[in-house]
Amino acid sequence: MKPRPRRVAVVHHPDRRTDVTMPYAPAIVVRRGQLVFVSGVTAAPVYHSHPHRDEEFDLPKNMREQATLAMENLKKTLEAAGCSLSDVAAATRYLTDVNEQDDLNRVWAQYLDGHLPTTTTVEVSRLATHANCKLEITAIAVTGGVRSRPTPRAKRARGKTRRRRA
C-alpha cells in the first residue's frame, strides 16, 4: 500500500498583521497523515539512568548550548519516527528562566529554517529531568502516513485482542 502524503495547513486570522514577524503559527490543521507524539527532550542524553545519576547531567550552563543539544535530541527522535523538524506541527517549550527565551528562539529558528509550528512557551521553577536542565521540549509531528512495523509486543497484544473478540 502506497502511503498517502500528509496535508498540513497553517491557519491565520482574517485581520492578521503582516508588519510583524511571528516565530510560530497561530494554528495548524492536519487533514491527512499520522501524528507522532514526542516526549520531552532536554540537553541531556535521551537515554539516561533511572533513577537519575548526576554524572549523566554534566550540561552546558548557558541556554544557547543547551538549546542546541535539545534540538539535536528532538531531531534524532523525530528521525527515528520517520519525521524531520519540518514535520513538527506543535511544540511546548518549558524554560527555567523565560529571560533566556531569545537565546532559545535563535537556536529554534536556525534548526527550523523558516518552518513555523505552533508553540507554547512556559516558565517553570525546575524540570523533573535534572536541576541542570534549563529547557525541555515536547512536540507533535505529522508524518506522511508510512507505518512503522509493529513490535513483537504490539503484535502479541493485537493477537490477544482479536482472540477475545472471536
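Per the listing 115, 130, the residue uniquely touching a helix residue (DSSP H, G or I) at 6+ places or on another chain (Cβ under 6 Å), more than 22 Å from residue 8 (Cβ to Cβ), at pLDDT below 95 and not in a helix (DSSP H, G or I) is 130. Condition test on residue 77, is it surrounded by 13 or more Cβ atoms within 10 Å (Cβ to Cβ) and either of a type in the set (D, E, K, R) or within 19 Å of residue 121 (Cβ to Cβ) (or both)? So residue 77 fails the test.
Residues in the range 64-83 that are small (Gly, Ala, Ser), touching a residue at least 24 places away in the same chain (Cβ under 8 Å) and over 22 Å from residue 103 (Cα atoms): how many?
Of all residues in the range 64-83, those small (Gly, Ala, Ser) come to 67, 70, 80-82.
Restricting the remaining residues to those that are touching a residue at least 24 places away in the same chain (Cβ under 8 Å) gives 67, 70, 81-82.
Now narrow it down to the ones that are over 22 Å from residue 103 (Cα atoms): 81-82.
Total satisfying the criteria: 2.
Out of the residues in the range 21-48 that are exposed (fewer than 10 other Cβ atoms within 10 Å of the Cβ) and in a loop (DSSP other than H, G, I, E, B), state the one that is farthest from the chain's Cα centre (by Cα). Write out each step before concluding.
Step one: list which residues in the range 21-48 are exposed (fewer than 10 other Cβ atoms within 10 Å of the Cβ), which gives 21, 31, 47.
If we keep only those that are in a loop (DSSP other than H, G, I, E, B) too, we end up with 21, 47.
Details: 21: 22, 47: 16 Å.
Only one residue tops the list, namely 21.
Pick from 36, 29, 46: which is within 19 Å of residue 116 (Cα to Cα) and free of Cβ contacts under 8 Å to residues at least 60 places away in the same chain? Residue meeting the stated conditions: 29.
Restricting the first member to the range 90-111 and to residues that are without any contact (Cβ under 8 Å) to a residue 24 or more places away in the chain, and the second to residues that are buried (at least 20 other Cβ atoms within 10 Å of the Cβ) and outside any helix (DSSP H, G or I), the beta-carbon pairs closer than 7 Å and six or more apart or on different chains are 101/95. Under the condition of being out of contact with any strand residue (DSSP E or B) (no Cβ under 7 Å at 6 or more places or on another chain) and over 20 Å from residue 33 (Cα atoms), the residues counted in the range 113-145 number 9.
For the range 108-122, what are the residues that are out of contact with any Pro (no Cβ under 8 Å at 6 or more places or on another chain) and surrounded by 13 or more Cβ atoms within 10 Å (Cβ to Cβ)?
Across the range 108-122, the qualifying residues are 111, 112, 115, 117, 121.
Residues in the range 89-107 that are in contact with a helix residue (DSSP H, G or I) (Cβ under 7 Å, 6 or more places away or on another chain) and among the hydrophobic types (A, V, I, L, M, F, W, C): 95, 104, 107.
If we scan the range 46-66, do we find a residue that is β-branched (Val, Ile, Thr) and modelled with pLDDT of 95 or more?
Residues of the range 46-66 β-branched (Val, Ile, Thr): 46.
From what is left, the residues that are modelled with pLDDT of 95 or more are none.
No, that holds for no residue.
The values are calculated or read from the model by the stated rules, or taken from the named source; none is laboratory data. Predicted model only: the values in this text are computed from it and were never measured. All Cβ positions, glycine included, derive from the backbone under ideal geometry; neighbour counts span all protein chains shown.
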